[in-house]
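Novice: Here it is: the structure, laid out below.
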Amino acid sequence: MNEDFITDGKEFFIRFETPLVRGYMPVPIPKGDPVLHWNGPKIDLIRSWYPALKFMQDHLQHEVILRFFMPRDRSEILVFPLSQIYGTGMTVKEEISKEEREWWAVEGMIEAGSVHSHCKSAAFASGTDTHDEKTRDGLHLTVGKLGNEEFDLHSRMVWTIPGEEKDGKLIRASATTVQKPDLSEWFLFPDYVNTFLALEPEIANGVIKYLLCKPPGKDVTYPKPWDAKLIERPTTPASWNRHGEIMPYDTTKVAYPMYGQTELSMADDIPGHGTKKKAQPEGLDEKRERENQNPNGDLNDKASALWDCWSEAMELIATMASLRKAKVRVGDFVPAKRVALFMEFPDAIVVWEDIERMLGANGLTEDEFFNDWGNVAWPETETWFDGPGG
């Protein structure tokens, strides 16, 4: 290990030596926001990025993933989806076909990152995203609020720094870092945009964000074979038996391989998903709509965000087999129950971290998330995952 540079947890020190004294001297380290810079090819804003946005916008009810690839000569970045299985909401699973893998190998394609949608929710990197991306170098983007006039964007760049040896001794081990990218280095803009950015550098970041989050428009299209890459999950869900155990899938209807009966991932796997909700008293829906309207007659954005976050929180819980088997509910994450929940189910910590990030991205507080729903009456049946109020 290289000990020329050390820290005591408070300050940083560099080794020094004089004829009389040797040791470490403090080094002032300025604070800053680290950025990873990209020297490779760029994503064409018009020909590649806007078709990708259109693809995500046209599939607003469920998450989709597109990949960034470089050809063997690293001359450009290609953007397209691979085969993937979806349910609804922010859940998706790539199921890359044998033909796609063979093509990938023969063509010498090099992964350069990914972009996926968060439907109507804000863009953020979930714990699942972080786990999936940590071994995949490149630019990773999340696009959210696809129903708005301006989309939301979250970006991060993952890169593996190779190790180094000197005189047969390892002086630096390989390491992976996740930092902010400079998006201007990743996208190929039209000449008129580059001219404007050169003239107005102080507003460059705002202009780039506007261009990347701008809805693509009716004239933008994407290759129709992309739609064939989306495979809807068979509608026969797993179910709970009377002992609270997960029943096996009918393997003749499963569209992706299972790795044990308790590994569940898609929204269509949620017990009760797709079933009709209990009938509401006559006039209740109209009353709720009036309550959620502002003076201009538009649905309250906060109420919509609360519902979206609650639904997505249920899907986050559903990704953890231990929580699903125990029928953990969103309401079990209230402060009064949270410590006991974490002690019994460590997986719940990861889920709560994702929920916190999601609330922050949507501008909601924890108090609003739990208390604005009031006392949620959860049914004790297989439809327990239906949502607030059953």
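The values are calculated or read from the model by the stated rules, or taken from the named source; none is laboratory data. Everything numeric in this text was worked out from a predicted model, so none of it was measured. In this analysis, Cβ positions are derived from the backbone assuming ideal geometry, glycine residues included, and neighbour counts consider all displayed protein chains.
Novice: Within region 31-63, can you find the residues that are among the hydrophobic types (A, V, I, L, M, F, W, C), at pLDDT 95 or above and assigned to a loop (DSSP other than H, G, I, E, B)?
Specialist: Selection gives Trp38 alone.
Novice: Being in contact with a Pro (Cβ under 6 Å, 6 or more places away or on another chain) and surrounded by fewer than 21 Cβ atoms within 10 Å (Cβ to Cβ) is true for just one of Glu107, Glu94, Glu76, Glu111. Which residue is that? Don't jump to the end; show me each part of the working.
Specialist: Values: Glu107 fails: in contact with a Pro (Cβ under 6 Å, 6 or more places away or on another chain); Glu94 fails: in contact with a Pro (Cβ under 6 Å, 6 or more places away or on another chain); Glu111 fails: in contact with a Pro (Cβ under 6 Å, 6 or more places away or on another chain).
Just a single option satisfies the conditions, and that option is Glu76.
Novice: Given the structure, is Glu150 surrounded by fewer than 17 Cβ atoms within 10 Å (Cβ to Cβ), out of contact with any Asp or Glu (no Cβ under 7 Å at 6 or more places or on another chain), among the charged types (D, E, K, R) and at negative phi? Write out each step before concluding.
Specialist: Values: surrounded by fewer than 17 Cβ atoms within 10 Å (Cβ to Cβ): yes; out of contact with any Asp or Glu (no Cβ under 7 Å at 6 or more places or on another chain): yes; among the charged types (D, E, K, R): yes; at negative phi: yes.
Here the answer is yes, as Glu150 does meet what is asked.
Novice: So Ser184 fits all but one of (1) under 25 Å from Ala305 (Cβ atoms); (2) part of a helix (DSSP H, G or I); (3) among the small types (Gly, Ala, Ser); what number is the exception?
Specialist: (1)
Novice: Of all residues being part of a loop (DSSP other than H, G, I, E, B) and of a type in the set (D, E, K, R) in region 83-126, which is nearest to the chain's Cα centre (by Cα)? Just the residue, please. Quick ask: steps written out before the conclusion?
Specialist: At the first step, the residues of region 83-126 found to be part of a loop (DSSP other than H, G, I, E, B) are 83, 87-88, 90-91, 95-97, 108-109, 118-126.
Subsequent filtering for residues that are of a type in the set (D, E, K, R) retains 95, 120.
On the way: Glu95: 18, Lys120: 13 Å.
By that ranking, first place goes to Lys120.
Novice: Select from region 178-219 the residues that are hydroxyl-bearing (Ser, Thr, Tyr) and out of contact with any helix residue (DSSP H, G or I) (no Cβ under 9 Å at 6 or more places or on another chain) and list them in ascending order.
Specialist: Filtering region 178-219 down to residues hydroxyl-bearing (Ser, Thr, Tyr) leaves 184, 192, 195, 210.
Matches in region 178-219: Tyr192, Thr195, Tyr210.
Novice: If the requirement is being in a helix (DSSP H, G or I), among the β-branched types (Val, Ile, Thr) and touching a strand residue (DSSP E or B) at 6+ places or on another chain (Cβ under 9 Å), which of these qualifies: Thr142, Thr135, Thr130?
Specialist: The conditions single out Thr130.
Novice: Here is a follow-up. Determine, yes or no, whether Pro28 is closer than 28 Å to Thr177 by Cβ, out of contact with any Cys (no Cβ under 9 Å at 6 or more places or on another chain) and surrounded by 12 or more Cβ atoms within 10 Å (Cβ to Cβ). Steps first, answer last, please.
Specialist: Numbers: closer than 28 Å to Thr177 by Cβ: yes; out of contact with any Cys (no Cβ under 9 Å at 6 or more places or on another chain): yes; surrounded by 12 or more Cβ atoms within 10 Å (Cβ to Cβ): no.
In short, no.
Novice: Which fully enclosed helices (runs of 4 or more DSSP H) of region 293-357 have 3 or more residues being under 20 Å from Glu368 (Cα atoms), at pLDDT 85 or above and touching a Gly at 6+ places or on another chain (Cβ under 9 Å)?
Specialist: Numbers: elements: 301-318, 321-325, 335-344.
Correct list: empty, since no element meets the threshold.
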